[in-house]
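Before any comments, here is the structure.
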Amino acid sequence: MSDQESEETLSPEHSSVTTSAQQPDTADIVIEVDDVNFSYVKGTEVLRDITMDIRKGEVTALIGPSGCGKSTLLRCINRMNDLIPTAAITKGEIRILDTDIYDPKVDPIELRKHVGMVFQKYNPFPQSIYENVAFGLRIQGIKKKPILDEAVERSLKLAGLWEEVKDRLDSSGLGLSGGQQQRLCIARTVAVEPKIVLMDEPCSALDPISTTIIEELITQLKEEFTIVIVTHNMQQATRVSDKTAYFYLGELIEMDETIKIFNSPSRKETEDYISGRFG
Amino acid sequence: MSSAENQDSPAPPADGKKVFKRRGFQIFGLGLQDVIQFFFSGNASLAIIILILICFFLAKEAFLFFPDHHKDLKSYRQSGQEFVGFISEEVKAHTDLYSTANIAYYAEVNRTSGKEDTILRTYRTVLANVENRSAKTWNRLERELDALEDVVDDLEDHDAEDEEDRAEIAKLTKEKNRLEALTQPLRDKLRKEVNTIIEWEETWDLGVGADLPAEEDIAKIREAVLFEAYPDAEDEHPFIEEMKSVSKEKKAVVAEELAEFKETTKAMQAAIRPLKDLERELKKPADENKKEITSFSTAPQRRDAWLKGAEATDDPDEKARMRAKAEEVVIEEPDYEKINQVFYDSIAKHATLAAPLEVEMKNLYEQLPAPTEVETKSAKENLKRAAVFYERFQDRMVSNRKQIKEWRHDASISVPESVSAFLFGRDWTTNSSWHDFYGLLPLFTGSLLISLIALTVAVPFSIAAAVYVNQLASFREQSMVKPAIEFIGAIPSVVLGFFGILVFGEALRNLSQLEWLQWFPGFPMAERLTILNAGLLLAFMAVPTIFTLTEDALNNVPQAFTENSLAMGATKLQTVFRVVVPTSLSGIIAAVLLGFGRIIGETMVVLLVAGNKIKIPDFTEGLGVIAQPAHTMTGIIAQELGEVDSGSLHWRALFMVGMVLFVISLLVNFTAQKVLKKFQRI
Amino acid sequence: MAVPATEPPFADTADAAENPLYAKSSALKRRDQLVSIVLAIATYAILACAAFIFLDIIRKGAPVVFESSFPFVNTEFFTKSPESLITFEIEDGSYFEMGSSDYYEWKSENPGVRIVEEHAHPYSGGGILGPLVGTALLTGICIVVALFIGLATAIFLNEYSSKGKFMDSIRLAIMNLAGVPSIVFGLFGLGLFCLVAPVITEVPQERAFLTIPILFSDSYLSFEGWGTCMLAGGFTLAVMILPVIIAACEESLKAIPMGFREASLALGATKWQSISKSVLPYAFPGMLTASILGITRVAGETAPIMFTAALAHKDKLPWQDIQVNEEANFLAQSGEWTGGFLSQSVQAMPYHIYTVAARIPQNEWTRPMQYGSVFVFMVVVMLFAALSIYLRIHYRKKVKW
């Protein structure tokens, strides 16, 4: 998009890393959003002309004022918007590794197995911790206890929850604290080993301490997963993300390295937003 | 709410500023507003008061029931009726065994003549219906044909050559023609009627396991019925004659083969005779004893009634007469020892009869063919049941011999005994000339069986419908199906009962005759009004209740759960069955419980279609028990309460049944609420 | 494109079938489809059963009620009470079928005619005026009583009460009341209203539960019950539907925003003023729904009125047969007409249907009466039911303050 101009303003080490890693190797692009329009009700588009690339192993933050369409875009990526009967992409396509995910041949169920999602409000199922984490595997028909045990342990460890709950895997997931519940949800999501994890304001319902833990968790998780996170909290975006995309009124205003967006945004609107003039 | 409290704020200081002081009308320091509030709270507490009153009125009769019932049981014992009852039980156990063997025998004898028997049965049914329902045409036709015959006879007497007769002949011929013209439409009418009756499926009143006759046989049956309608036909239609003889021949052949079987059943029947004679012999003194005891126990009341009458009347003669009557009432306790002597004397006799009976029955039972040795399904099943009945007979003989030996007319009846005589009593017999029994068990089993069938059918259907409507159906579909199912809930139960008695019962029985449905327990069904019929109709009634509550429960599952599950790649149905349904499980359980409450308390449907037979269903038929008629707790109240004197033991027994129903409904409701509370905590 | 070999799941495969995102027609999916179809079949099977019952009753009942010629409705069916159907034949072979009242008229008009064959079919002649009127009266009394108590209770629960033991026990009582079988209400009504309820009379009966002399008069307040009458039946039914009415009234009160009350109170209105002026008027549609819902429930009930109010047969309509019986009713004092009127037993549709369905010999002459009664009854009840369902959906949708 604006790669050419941004290069100059970036600090040297950043520019060297990113340019060398990105520019030549398009295969690194995991999600390709190509000129997408989206509407919930026919005629009123809530996303317009969105084009962006999300690369493997990066944390991409979507920021912007409420109602700007960032959550909508997130839900487009794993086709959660399919649940709303009239909602549809009206233009463009979203490709995940060169497969158009709105191709009729694509099964949203299969898609969602590869593109996990963590929601704003933590909501473990009213089942045991173990069952919560094993849920995704069970629905894929995995019944063997050793495999499940192993996956549950690995996922809980990934989510940094293992030490806290390993003695009470059979107790209800609802008995945990808020932050723990959200980490349980993350464990549940990563248990099926998705390639991409979408996070829709994962910390907005949590206290600062839990937020810190989750943020640390996100930076660890990006080793294994490509993460897209919607957040309201700009500090959080700077803390966890590699790239940041700023949305305003359904349009992608600017997307670039996080450091660049927050230090020297190229667009005026972005600057207004991050400097707190509105939003 | 908070501003209302301002009115109760303390009176302002007495400095003359009375602006904020409470004003208006007051009684005893209560303002109008308080009075209004009391009025409303009073009305609200009416719900509690009503509940308490219901408890009170049921409990009142119930508490009075037990002492009366106790007295009644005591008189049963003191009169020796109980003693005779033991013997009757033995006879009954024998009869069960014998009649099952007998049914098996006849099923086997008829094994080759099925086709002919079906034709004959159909013929008889149709004929009976025609005679019954078209009696007027039938009789008229008979009259006219008689007259016609007379005329024809007359005509034959006259000689056409004779001059004198010729005029007479002309007259008679005219009459003959007139009569013939008259009978023709009657014949046509009758023919039409026969056709409608044959076609009117509701009159197919065929027996167990009957298949309909073949098409060409039905035509012949029709002819035969019409043939019977002409009184000049002395004999039966040749087709029927033929069928009868064929059937007879075929049966004779089989009967010869089964001669031994027949001998055995006959011997069984003969074996019980001595014991039956003893039973009959002893019934008489027991009856007399009972009368004596009743007369003794009611004597004070009768005397009081006379005295009261004497008080009330002004006529001195009448007064004296009534006084005398009062004097006449004897209040003398019977000598129980003496009046029961006859029973003590017969203990020995019973023992001498019972022992050989047991031995003989053992021999005879062993002579019965094994279920594998017979061919028909009915015979096989009945022989299997006979094995169960034989075991019961043996047990009965052993236990009753002991009871008879130890029987004492003056043994006291403990409170638990008397209570269990009601709760676990196996007989509900009223208006009997022998003794009335008030045992809840037949009614309770009936209610329970019907409810269980209804639940087994209603629960899967209504939960499936609720899941479909709530989770899978489109919005349009939802907004049509939901009100439609609610609409079903508004069908009055008496209408459903009506439908059951007139249409569904018959349809179900016809269905049960179908060849490919014979695997279903209880099929083919002999009865129209059965546990199954009532159960299915009640299932239909319970569907709206369970559906609506289940749908509510599913609706209450947070959207987030569904979304989360879908986001993990679960399919719609995986989400429904792994997340939504388990989450709303307690709501669904509560729905099923409340549905159960609705079913077990339903009156009209069971009163109309359950068959109203007061007997514990015969569980030896296994699941086939559902093809039997039964009576229910609700049904018995509806049926009998209108016809008993208020305050009698029977009346109180019915209130007791109501009490049991009330307690069950409270328990069900209470459990459902507990379950729901748990659900809401999630 | 350069594809590292270590990334098989996301490899850009030329072969589309191997793309992990593409739909797979797996066994799982087929099972899903199958289960959905089974669920849909179950749902529509229920509706099909209902449709079958309705159609059967319409098919056999409509011909009784409607006629092909003017006035297109069988007027006799709606203007006469049930009576016996007499079928007979006279000497010349002509055959007649008529209700018993017509029959006696015919007989007196044709005194010389010899009747050959005569059969009486009980309850198969005449019409259903008596039961219709009886059901209307019972339902009316019931709704008036139930709405009065129910609304008051709902106002208390929604406007006055605060959380506490008293409230909890009231709610518990109402919920439990809803689950009590209707026949138990019948027993209760018989025990309370028919046998124990108080009446004012000069000659108390001996079996009275309690007799209290009234000062300065010859009368007594005697707890001897009202006997089997429509008042007792109506009260019994009212008690039975109380939970339904309370729930419906409460829902309608809850739908009114708190702001209405607060605004009114803030203007200095008393609690009662604010309820009566700013709450109740807006709750009217809800109450209408409640009463219609109540009518639907009550009109179809048989068990509670069996012993408290209903008669299988009655020649005259309630207002044609007023015998002033002062002993029988406490209202006898206040107005003779009312007293005599309310203390009569009535015929009722559901009880009538029960009678013709199960308590008379069945033959083809009874069919028209059976199906005609059921048809009319169903149509009336279902209309009310449809109305209540419609109103509920309608108001829920529309009333957004």
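The values are calculated or read from the model by the stated rules, or taken from the named source; none is laboratory data. Please read these numbers as outputs of a predicted model, since none were measured by experiment. When we count neighbours, we look across all protein chains shown, and the Cβ atoms used for this are built from the backbone with ideal geometry, even at glycine. Heavy atoms of the whole protein, side chains included, go into the accessibility calculation; ligands, DNA and RNA do not. Shrake-Rupley method; radii C 1.70, N 1.55, O 1.52, S 1.80 Å.
Considering only the range B:216-225, I want to know if a residue exists there that is under 26 Å from C:Glu89 (Cα atoms), open to solvent by less than 60 Å² (accessible area, probe 1.4 Å), within 38 Å of the chain's Cα centre (by Cα) and at pLDDT 75 or above. So far as the range B:216-225 goes, yes, one or more of its residues are under 26 Å from C:Glu89 (Cα atoms), open to solvent by less than 60 Å² (accessible area, probe 1.4 Å), within 38 Å of the chain's Cα centre (by Cα) and at pLDDT 75 or above.
Taken over the range C:102-121, the criterion of being open to solvent by less than 90 Å² (accessible area, probe 1.4 Å) and either at positive phi or touching a Ser or Thr at 6+ places or on another chain (Cβ under 9 Å) (or both) is satisfied by C:Tyr103, C:Glu117, C:His119, C:Ala120, C:His121. Would you confirm, using the coordinates I've provided, whether C:Ala263 is small (Gly, Ala, Ser), farther than 30 Å from C:Tyr351 by Cα, open to solvent by 10 Å² or more (accessible area, probe 1.4 Å) and within 14 Å of chain B (Cβ to nearest Cβ)? When the stated conditions are applied, C:Ala263 passes them.
Restricting the search to the range C:275-307, which residues are more than 9 Å from every other protein chain (Cβ to nearest Cβ), open to solvent by less than 10 Å² (accessible area, probe 1.4 Å) and over 19 Å from C:Pro243 (Cβ atoms)? Hit for the range C:275-307 is C:Val279, nothing else. For beta carbons closer than 6 Å, sequence separation of 6+ or different chains, a first residue in the range C:30-42 that is of a type outside the set (Lys, Arg) and a second that is outside any helix (DSSP H, G or I), the qualifying pairs are C:Asp32/B:Thr571. Condition first: more than 24 Å from A:Glu153 (Cα to Cα) and touching a residue at least 40 places away in the same chain (Cβ under 8 Å). Can you find one or more residues in the range A:209-220 that meet it? No; the residues of the range A:209-220 include none that is more than 24 Å from A:Glu153 (Cα to Cα) and touching a residue at least 40 places away in the same chain (Cβ under 8 Å). Picking from residues in the range A:81-111 that are in a loop (DSSP other than H, G, I, E, B) and within 7 Å of another protein chain (Cβ to nearest Cβ), the one that is nearest to A:Ile139 (Cα to Cα) is A:Asp107. Taken over the range B:55-112, the residue count meeting the criterion of being more than 21 Å from B:Thr265 (Cα to Cα) and open to solvent by 40 Å² or more (accessible area, probe 1.4 Å) is 11.
Take the residues in the range B:397-423 that are among the hydrophobic types (A, V, I, L, M, F, W, C) and farther than 16 Å from B:Ala62 by Cα, then tell me which one is most open to solvent (accessible area, probe 1.4 Å).
Of the range B:397-423, the ones among the hydrophobic types (A, V, I, L, M, F, W, C) are B:397-398, B:404, B:407, B:411, B:413, B:415, B:419, B:421-423.
Applying the additional criterion that residues be farther than 16 Å from B:Ala62 by Cα yields B:397-398, B:404, B:407, B:411, B:413.
Values: B:Met397: 1, B:Val398: 89, B:Ile404: 1, B:Trp407: 12, B:Ala411: 43, B:Ile413: 22 Å².
This residue is B:Val398.
Checking each residue in the range B:530-556 for being in a loop (DSSP other than H, G, I, E, B) and surrounded by fewer than 23 Cβ atoms within 10 Å (Cβ to Cβ) picks out only B:Asn556. Residues in the range C:179-213 that are in a helix (DSSP H, G or I) and either more than 19 Å from B:Lys60 (Cβ to Cβ) or open to solvent by 60 Å² or more (accessible area, probe 1.4 Å) (or both): C:Gly179, C:Ser182.
Quick grid of which residues meet (1) modelled with pLDDT under 90; (2) in a loop (DSSP other than H, G, I, E, B); (3) over 24 Å from B:Thr575 (Cβ atoms):
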| position | (1), (2), (3) |
| --- | --- |
| A:Lys113 | yes, no, no |
| A:Gly116 | yes, no, no |
| A:Gln120 | yes, yes, no |
| A:Arg138 | yes, no, no |
| A:Gly141 | yes, yes, no |
| A:Glu150 | no, no, yes |
| A:Leu156 | no, no, no |
| A:Leu184 | no, no, no |
| A:Ala187 | no, no, no |
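Taking every residue in the range A:80-100 that is of a type in the set (Ser, Thr, Tyr) and pairing it with any residue that is open to solvent by less than 40 Å² (accessible area, probe 1.4 Å) and not in a strand (DSSP E or B), at least 6 positions away or on another chain, the pairs with Cβ-Cβ distances below 8 Å are A:Thr99/C:Asn19; A:Thr99/C:Leu21. Summed over the range A:108-123, residues that are under 14 Å from the mean Cα position of the chain (by Cα) and under 17 Å from A:Pro202 (Cβ atoms) total 6.
Within the set A:Ala237, A:Ala205, the sole residue that is in a loop (DSSP other than H, G, I, E, B) and in contact with a Phe, Trp or Tyr (Cβ under 9 Å, 6 or more places away or on another chain) turns out to be A:Ala205. Kindly evaluate B:Ala466 against the criterion of being open to solvent by less than 30 Å² (accessible area, probe 1.4 Å), more than 31 Å from the chain's Cα centre (by Cα) and more than 7 Å from every other protein chain (Cβ to nearest Cβ). Spelling it out, B:Ala466 is indeed open to solvent by less than 30 Å² (accessible area, probe 1.4 Å), more than 31 Å from the chain's Cα centre (by Cα) and more than 7 Å from every other protein chain (Cβ to nearest Cβ). Scanning the range C:61-76 for residues that are open to solvent by less than 70 Å² (accessible area, probe 1.4 Å) and within 17 Å of C:Val380 (Cβ to Cβ) yields a count of 6.
When you check B:Ile453 against the structure, is it modelled with pLDDT of 90 or more, aliphatic (A, V, I, L, M), in a helix (DSSP H, G or I) and open to solvent by less than 50 Å² (accessible area, probe 1.4 Å), yes or no? Steps first, please.
On the way: modelled with pLDDT of 90 or more: yes; aliphatic (A, V, I, L, M): yes; in a helix (DSSP H, G or I): yes; open to solvent by less than 50 Å² (accessible area, probe 1.4 Å): yes.
Criteria met by B:Ile453.
Restrict the check to the range B:597-606 and report whether at least one residue is surrounded by fewer than 22 Cβ atoms within 10 Å (Cβ to Cβ) and touching a residue at least 60 places away in the same chain (Cβ under 8 Å). Working first, answer last.
In the first step, residues of the range B:597-606 are kept if they are surrounded by fewer than 22 Cβ atoms within 10 Å (Cβ to Cβ); the result is none.
Looking through the range B:597-606, none of the residues is surrounded by fewer than 22 Cβ atoms within 10 Å (Cβ to Cβ) and touching a residue at least 60 places away in the same chain (Cβ under 8 Å).
One residue is enough: does the range B:503-518 have a residue meeting the conditions within 26 Å of the chain's Cα centre (by Cα), of a type in the set (Phe, Trp, Tyr) and either open to solvent by 30 Å² or more (accessible area, probe 1.4 Å) or under 30 Å from B:Pro558 (Cβ atoms) (or both)? Looking through the range B:503-518, at least one residue is within 26 Å of the chain's Cα centre (by Cα), of a type in the set (Phe, Trp, Tyr) and either open to solvent by 30 Å² or more (accessible area, probe 1.4 Å) or under 30 Å from B:Pro558 (Cβ atoms) (or both).
Of the listed requirements (1) part of a helix (DSSP H, G or I); (2) open to solvent by 10 Å² or more (accessible area, probe 1.4 Å); (3) more than 10 Å from chain B (Cβ to nearest Cβ), C:Cys249 misses just one: (2).
The set of residues in the range B:623-637 that are facing chain C (nearest Cβ under 10 Å) and open to solvent by 10 Å² or more (accessible area, probe 1.4 Å) is empty.
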